[in-house]
Amino acid sequence: MLNLQGHRAYTCEGATRRELMRIGSIGLMGLSLPHFFLWRDQARAASVPSKYAGARGWESAENVVMIFLQGGPSHIDIWDPKPDAPAHVRGEFKPIKTKIPGTWIGEHMPMMAQHLDKATLIRSMSYTPNGLFNHTAAIYQMLTGYPPDKVSPSGQLEPPSPADFPTAGSQVSKLKPPKEPVLPFVELPRPLQESGIIGKGGSAGFLGKAYDPYRMYQDPAKPVKLEDLLLRKDVPPERLKDRFELLKGVNGSMPALEKALNEYAVDEYYGKAYDLVLSGKARDAMDLEKESPKMRERYGMHTFGQSLLMARRLIEAGTRFVQVNWPSVANGDPETTAWDTHAANFGPLKNLHCPKLDRGLSALLEDMDQRGLLKHTLVVAVGEFGRSPRLGVSTSGNSNSPDGRDHWPYCYSSVVAGAGIARGMQYGESDATASSPKEKPVHPADLLATVYFSLGIDPDMEIRNHLNQPRELVKGKPVADLWT
Amino acid sequence: MKHPKDGHVVKPQFMVASNAPVPVPDDDRRRRDAFAQWLTSKDNPFFAKAIANRVWSYFFGRGIIDPVDDIRASNPPSNPALLEALTKDLLDNNFDLQHLMRTIANSRAYQTSFATNEWNQNDRDNFSHAMPRRLSAEELMDAVSSAAGARPRFPEVPEDTKASQLVDPHIGKEGFLDVFGRPLRESSCECERRSDFSLPQALNLVNGRTISDAVADSKGRVAKLILSGRSDAAIVEDLYLAALSRLPAPEESGRGVKYLSGGAKASRAQDLLWALLNSKGFLYIY
């Protein structure tokens, strides 16, 4: 009996591969992937209609590119200059005009200034952290929508755990799985990281590992090895099918072990691997050699730029959620392009960070717009916080150089574009020193709610955690005014 | 050192939250020696407990205090009496690890089946049933080589060096071993080793070189079996023994023989071995 709504601990609700295999006559081999996803979509459509249904912006996005600038970019130097503020606030950079009338940004973002007419610049991102002030806590807040206190009672940096709230991409790949045999959720070019803690706030948590992002762990700016995704010459599709049929038989003759291993979702992974290898789409999407040198250079011949280009290719192939993390670890050395500019701010921003961000992000917006991809793809660029408006003071307990800036979650900026979001608009405004929003504050949970809302996922819906307790998907309100 | 408030000279003391105070010698230079000696002695109540817990976790995939590197008051053992007994066993036998392992391996807890009933199916903390766990990266790679009769090939090490014999975690980097969670030995935390299952791992097992090359090895088990001219039933038997350390059940044998006779025998035997090496019975310790 196919059970599409039943709960199951540690894996998922809906049709799992295991359930599909139970349906006697159809079996794994006779069932191609498009059918599989069709079923899930139908199961989803049958649920109660959302109160948001029909609202402007609702279900306007098919895919998401989340550009996560881990480390905390300095909003005042990049997106929200304050030329009239005192020198110890305004810093060294001059403002420049943008395509949004009356909106100026930092002088080291000249290309973005020309392409802001495709995006909305939010200048009122804001939240007050729940005790913790480190990157990991903030990243967790940004990407799961929940403060980390419930899962990190010690207040220390803690590695990802199966009790964590799921990261946004995992939620989306479960609630709105792709229709094509592609990787549903890809994280490039490396996971989130602060010190030795890798992937906190970036894992599937209580949804189970089957919803973790596909992490490439390679630098797209270098030749990428993806032999695992390319069907081997000595194993044509028919032979792979035979092998899977045999495998099903071998596993099937040890039912007690199957039951004991249920929670590891091994079959789910094997099913995905099978579909991916046979379709070859993911392999093609990650092959940047298929792009012209001119296009590659437009994005920038560095890890960040090429990751964005790969993100665009993945979106074209049907991947639902691509997250491009800033390549340096959150709390790294600013001189090696980490956004965490305690020790040095203006030099690194001018010479290292801004040129890469400026080129890459403007290229993505331009390219996706030209290809028509921006119509149904939501692009978000944001970090886990901004940086202290005042130079050389400590807000987080870290020490700062005289020209350094410390963590500042109370006010910062983000860029959102695509999926019908207003083109060339500024949303929200900060006060005279970019210390707090003057109007229309946007909490990270609101930003996530907006992402879900745009995909047609009701932000208020109830989900179940690993203990089968009801939880809100996110405790935020979609910023519907982004669609005008 | 003088007390910052009242100025009296404070006697040196080791900062150890223990009922058994650490003797501090008067001679400055010997303090470190004394501390080192105490650290690994029977007087240190933490050392033996941590070792016992750690060794236990190697057999069960989970510590009595878990994670094993997170021993603190607010992360208590799931079974204090058990941990105490193991600690005592280790101390009574003068830190003899082999003895401790023998104790553990002979225990009923270690020998319980992974099969569960309605009362213990949700238990993960109390060792009421065995919990299958994936072979570690090196174990898995060596097991594939051994079952397929293929020879491991790592650059810059003597021929036939096994994955578990590699001294440097950078040998074979970004390959099979790293995908399966081999630690880089950057920290002393057990958590550096990952034993979860992921999509890249499935891709590697299904379509990567390690298993596919091993089953097709021209000097490997399948090649030898085919050359030996043995019966299909004997080939199936041999492959089951090599991969799962057991004979095939009659219906398994029947299915295998039927498959072998359905086409080119060599490639069909490779397929069967491929399936066995990808099966849960092979990937997991249970």
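List the helices (runs of 4 or more DSSP H) inside the range A:61-153, counting only whole elements, that have at least 2 residues being over 22 Å from the mean Cα position of the chain (by Cα). Before the answer, list the steps.
Values: elements: A:75-78, A:87-90, A:110-115, A:135-144.
Where helices (runs of 4 or more DSSP H) fall fully within the range A:61-153 and carry at least 2 residues being over 22 Å from the mean Cα position of the chain (by Cα), they are A:75-78, A:87-90, A:110-115.
Looking only at helices (runs of 4 or more DSSP H) that fall completely inside the range A:188-302, which ones have 1 or more residues that are among the charged types (D, E, K, R), more than 30 Å from residue A:147 (Cβ to Cβ) and touching a residue at least 60 places away in the same chain (Cβ under 8 Å)? First the steps, then the outcome.
On the way: elements: A:237-252, A:255-260, A:266-279, A:281-285, A:293-299.
Answer list for the range A:188-302: A:237-252, A:266-279, A:281-285, A:293-299.
So which residues in the range A:78-129 are within 15 Å of residue A:422 (Cβ to Cβ) and acidic (Asp, Glu)?
Matches in the range A:78-129: A:117 only.
Considering only residues of the range A:54-65 that are surrounded by fewer than 24 Cβ atoms within 10 Å (Cβ to Cβ) and in contact with a helix residue (DSSP H, G or I) (Cβ under 7 Å, 6 or more places away or on another chain), which is farthest from residue A:361 (Cα to Cα)? Step through it out loud before you land on a result.
Applying the first criterion (surrounded by fewer than 24 Cβ atoms within 10 Å (Cβ to Cβ)) to the range A:54-65 yields A:54-60, A:62.
When the remaining residues are screened for being in contact with a helix residue (DSSP H, G or I) (Cβ under 7 Å, 6 or more places away or on another chain), the result is A:55-58, A:60.
Values: A:55: 29, A:56: 26, A:57: 23, A:58: 25, A:60: 21 Å.
Among those that are surrounded by fewer than 24 Cβ atoms within 10 Å (Cβ to Cβ) and in contact with a helix residue (DSSP H, G or I) (Cβ under 7 Å, 6 or more places away or on another chain), it is A:55.
Listed here are the residues, each with its yes/no results for (1) surrounded by fewer than 22 Cβ atoms within 10 Å (Cβ to Cβ); (2) modelled with pLDDT of 95 or more; (3) assigned by TED's automatic domain parsing to the domain that holds residue B:284.
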| residue | (1), (2), (3) |
| --- | --- |
| B:183 | yes, no, yes |
| B:187 | yes, no, yes |
| B:190 | yes, no, yes |
| B:194 | yes, no, yes |
| B:200 | yes, no, yes |
| B:204 | yes, no, yes |
| B:207 | no, no, yes |
| B:213 | yes, no, yes |
| B:222 | no, yes, yes |
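Specify which of the listed residues (B:97, B:90) is of a type outside the set (Phe, Trp, Tyr), surrounded by 15 or more Cβ atoms within 10 Å (Cβ to Cβ) and modelled with pLDDT of 90 or more. Even if it seems obvious, please write down each step before you answer.
Numbers: B:97 fails: surrounded by 15 or more Cβ atoms within 10 Å (Cβ to Cβ).
Result of the check over B:97, B:90: B:90.
Can you name every residue in the range B:258-271 that is farther than 16 Å from residue A:236 by Cα and at the interface with chain A (Cβ under 8 Å from one of its Cβ atoms)?
Answer for the range B:258-271, where residues must be farther than 16 Å from residue A:236 by Cα and at the interface with chain A (Cβ under 8 Å from one of its Cβ atoms): just B:259.
Which of the residues that make up the range A:48-66 are of a type in the set (Phe, Trp, Tyr) and at pLDDT 95 or above? Reasoning before the result, please.
Step one: filter the range A:48-66 for residues of a type in the set (Phe, Trp, Tyr), giving A:52, A:58.
Passing the criteria: only A:58.
What residue, among those in the range A:217-259 that are out of contact with any helix residue (DSSP H, G or I) (no Cβ under 9 Å at 6 or more places or on another chain) and farther than 30 Å from residue A:190 by Cβ, is nearest to the other protein chains (Cβ to nearest Cβ)? Spell out how you get there, then give the answer.
If we filter the range A:217-259 for residues that are out of contact with any helix residue (DSSP H, G or I) (no Cβ under 9 Å at 6 or more places or on another chain), which is where we start, we get A:218, A:225, A:233, A:236, A:238, A:255-256, A:259.
When the remaining residues are screened for being farther than 30 Å from residue A:190 by Cβ, the result is A:233, A:236, A:238, A:255-256, A:259.
Values: A:233: 10, A:236: 11, A:238: 10, A:255: 10, A:256: 5, A:259: 8 Å.
Only one residue fits best here, namely A:256.
Which ones in the range A:204-221 are among the hydroxyl-bearing types (Ser, Thr, Tyr) and within 12 Å of residue A:173 (Cα to Cα)?
Going through the range A:204-221, the residues among the hydroxyl-bearing types (Ser, Thr, Tyr) turn out to be A:211, A:214, A:217.
Hits for the range A:204-221 are A:211, A:214.
Among the residues of the range A:174-183, is there at least one that is buried (at least 21 other Cβ atoms within 10 Å of the Cβ), in a loop (DSSP other than H, G, I, E, B) and touching a strand residue (DSSP E or B) at 6+ places or on another chain (Cβ under 8 Å)?
yes
Looking at A:274, A:269, A:214, which one is within 11 Å of another protein chain (Cβ to nearest Cβ), under 30 Å from residue A:163 (Cα atoms), in contact with an Asp or Glu (Cβ under 9 Å, 6 or more places away or on another chain) and not hydrophobic (A, V, I, L, M, F, W, C)?
On the way: A:274 fails: in contact with an Asp or Glu (Cβ under 9 Å, 6 or more places away or on another chain); A:269 fails: in contact with an Asp or Glu (Cβ under 9 Å, 6 or more places away or on another chain).
That would be A:214, the only listed residue that is within 11 Å of another protein chain (Cβ to nearest Cβ), under 30 Å from residue A:163 (Cα atoms), in contact with an Asp or Glu (Cβ under 9 Å, 6 or more places away or on another chain) and not hydrophobic (A, V, I, L, M, F, W, C).
The values are calculated or read from the model by the stated rules, or taken from the named source; none is laboratory data. The model shown is predicted, which means the values in this text are computed figures rather than measured ones. Cβ: placed from backbone, ideal geometry, glycine included. Neighbour counts: every protein chain shown.
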